[in-house]
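Chemist: Below are the structure tokens for one structure; questions will follow.
The values are calculated or read from the model by the stated rules, or taken from the named source; none is laboratory data. Remember, it's a predicted structure, so these values are computed and weren't measured experimentally. Neighbour counts run over all protein chains shown; Cβ positions are idealised from the backbone, glycine included. Please note that ligands, DNA and RNA were not included when accessible areas were found on the heavy atoms of the full protein model with its side chains. Shrake-Rupley method; radii C 1.70, N 1.55, O 1.52, S 1.80 Å.
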Amino acid sequence: MSQPANQFLETANYLGTVICRDALWADERCNWLGPSMEYVNGAWTVVHRAYGSDLYAGATGISLFLAHLYLETKEKIYRTTAAAGFRQAITGATNFQPTVQSGFYAGTVGIAYALLEAAVLLGHDEYVTEALHFLESLTSEDQPQQGLDVVSGHAGAIPALLEMHRKHAHDFLLQLAVKYGEHLIATANRGSLGWSWSTLNTERDLTGFSHGTAGIGWALLELYHRTEAERFRAAAEEAFRYERHWYNSEQENWPDFRSFSNQNPSATLPFALAWCHGAPGIGLSRLRAYELTGDQIYRDEAETAVRTTAKMLLAATQAAGENFSLCHGLSGNADLLIYASRVLRDESHISLVEQIGELGIERYRKPRLPWPCGVPQGGETPNLMLGLAGIGYFFLRLYKSSAHRSLLIILPY
């Protein structure tokens, strides 16, 4: 094993020990406390609270990281803590609000997906029964109340359902994915610029992966690839066309409309650089679109997104204080380059990704300083998409990406 690979696994191992140390136990279950952004008294505020069951910021995401870490280390504490975290997650898996119930990162589909992964990683066959039970419960959910985007709604659920159907051939999984795809088509805002969706309370429909058209277009394209139903391909292309209209060649990026206001049309459009909003996440969608279709336009857009993201990562090696989270930090942005190295057959991308890993080791692991996480002014947090579990998972990906698939875009494995 090479010295860099040793460093990456050791760092993941270190983060795993911190997470296990901080677990709060009650009989055979455990959970974690940490900072979270909550809407309190009309403003977003950092609060300290116990986590829920979800994949994004709850016990499921943390436990999934520990299960993957157990695969590499065989340390019993990781297996024991992961199993206790999953027990906690299972108890709250049906307590979600209707708008996120079907979500991948925020709802039941993500918990089921993680349980099916953990059934193999931890040898807990009973997780399969639990996961399928949760998924079957979604077949009777009220469709109009469901969210639409990758984080909370149908777009995130569809690729996960297709992958779970590939491994566990229950017809209802494919039927549910198709049902969700039909709902996305029915709720599209169809205009001269393409199709878009009202996912958040914004004046203009969003571009981007987590809440925008990139993620929804990707989900519809995956559905077309599985079903060969032309309506899903056409809808995906319309989603990408909407996003293509807003592309800014000077920025080599797509605008983030979350703070856009029609009241000031002359204001400069804002741009983000993260998995959730901006080139890194959009690049994931275009790499997959190129894989599925072979269309040059998707390759061109993917290469643009990779180039923009690489510039940001390279600048980060000279800066200080960049957060390392998966959602909107260096780990998530670097994940695009890991995927690009395979799809575009360019191993040079891996060198920059390894530089980011080494940067984290030198700045935070070796001096034992707190890792910058994704809750602004919130300090360290243990969860997957905003905190230590996600950073640890990034280091596992650096160590052996073939064994630890991306959690930022769900692909066939």
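Chemist: List nothing, just return the count: lysine pairs in the chain, 8 or more apart or interchain, with Cα separation under 26 Å.
Modeler: Going through the chain pair by pair, I get 10.
Chemist: Also: Between Trp44, Trp218, Trp254, which gets the highest mean-square fluctuation from a Gaussian network model of the chain, Cα cutoff 10 Å?
Modeler: Of Trp44, Trp218, Trp254, the most mobile in the Gaussian network model is Trp44.
Chemist: Sticking with this structure for a sec: I'd like the Karplus ³J(HN,Hα) series for segment 7-12: coefficients 6.51, -1.76, 1.60, θ = phi - 60°, whole numbers in Hz, and an x wherever there's a Gly or Pro.
Modeler: Running phi through 6.51 cos²θ - 1.76 cosθ + 1.60 with θ = phi - 60° gives 4, 5, 5, 4, 5, 4 Hz.
Chemist: Arg405's amide H: which non-local residues (gap 5+, or another chain) put their own amide H closer than 5 Å, with H modeled 1.01 Å from N in plane and none for Pro or chain starts?
Modeler: Under 5 Å from the amide H of Arg405 lies no amide H from a residue far enough along the sequence or on another chain.
Chemist: Over 5 Å intervals from 0, what percent of Cα-Cα pairs in segment 332-413 sits in each interval?
Modeler: 3, 14, 23, 25, 18, 11, 5, 1
Chemist: So, one more: From largest to smallest, what semi-axes in whole angstrom does segment 17-169 give when each is the square root of 5 times an eigenvalue of its alpha carbon gyration tensor?
Modeler: Gyration-tensor ellipsoid for segment 17-169: 24, 22, 12 Å.
Chemist: Got a sec to turn the phi values of segment 156-161 into Karplus ³J(HN,Hα) couplings, 6.51 cos²θ - 1.76 cosθ + 1.60 with θ = phi - 60°, whole Hz, x for Gly and Pro?
Modeler: Calculated HN-Hα couplings, in order: x, 6, 4, x, 5, 4 Hz.
Chemist: Let me ask something additional. Please calculate how many Å² of accessible area the chain carries per residue, with a 1.4 Å probe and no DNA, RNA or ligand atoms counted.
Modeler: Ligands and nucleic acids excluded, the figure is 40 Å² per residue.
Chemist: Calculate for the chain the 222 nm mean residue ellipticity that helices alone would give, adding -39,500 (n - 2.57) per DSSP H run of length 4 or more and normalising by residue count, nearest 500 deg cm²/dmol.
Modeler: Mean residue ellipticity at 222 nm (helix-derived): -17000 deg cm²/dmol.
Chemist: Arranged from highest to lowest average of other beta-carbon atoms within 10 Å per residue, in what order do the peptides 268-274, 28-34 appear?
Modeler: Most protected by this proxy first, the peptides run 28-34, 268-274.
Chemist: Which of Gly390, Gly283, Gly194 ends up with the largest GNM mean-square fluctuation for the chain, with Cα atoms connected below 10 Å?
Modeler: In this elastic network of the chain, the residue with the biggest mean-square fluctuation among Gly390, Gly283, Gly194 is Gly194.
Chemist: Tell me, what % of the accessible area of the chain is carbon and sulfur with a 1.4 angstrom probe?
Modeler: 49
Chemist: Here's another thing I want to ask about it. What residues have an amide H closer than 5 Å to that of Asp256, excluding those fewer than 5 places away on the same chain, when H is modeled at 1.01 Å from N in the peptide plane?
Modeler: Counting only residues 5 or more places away or on other chains, the set is Phe271, Ala272.
Chemist: Using the Kirkwood formula on the Cα atoms of the chain, what hydrodynamic radius do you get, in angstrom to one decimal?
Modeler: Across the chain, the inverse of the average 1/r is 21.3 Å.
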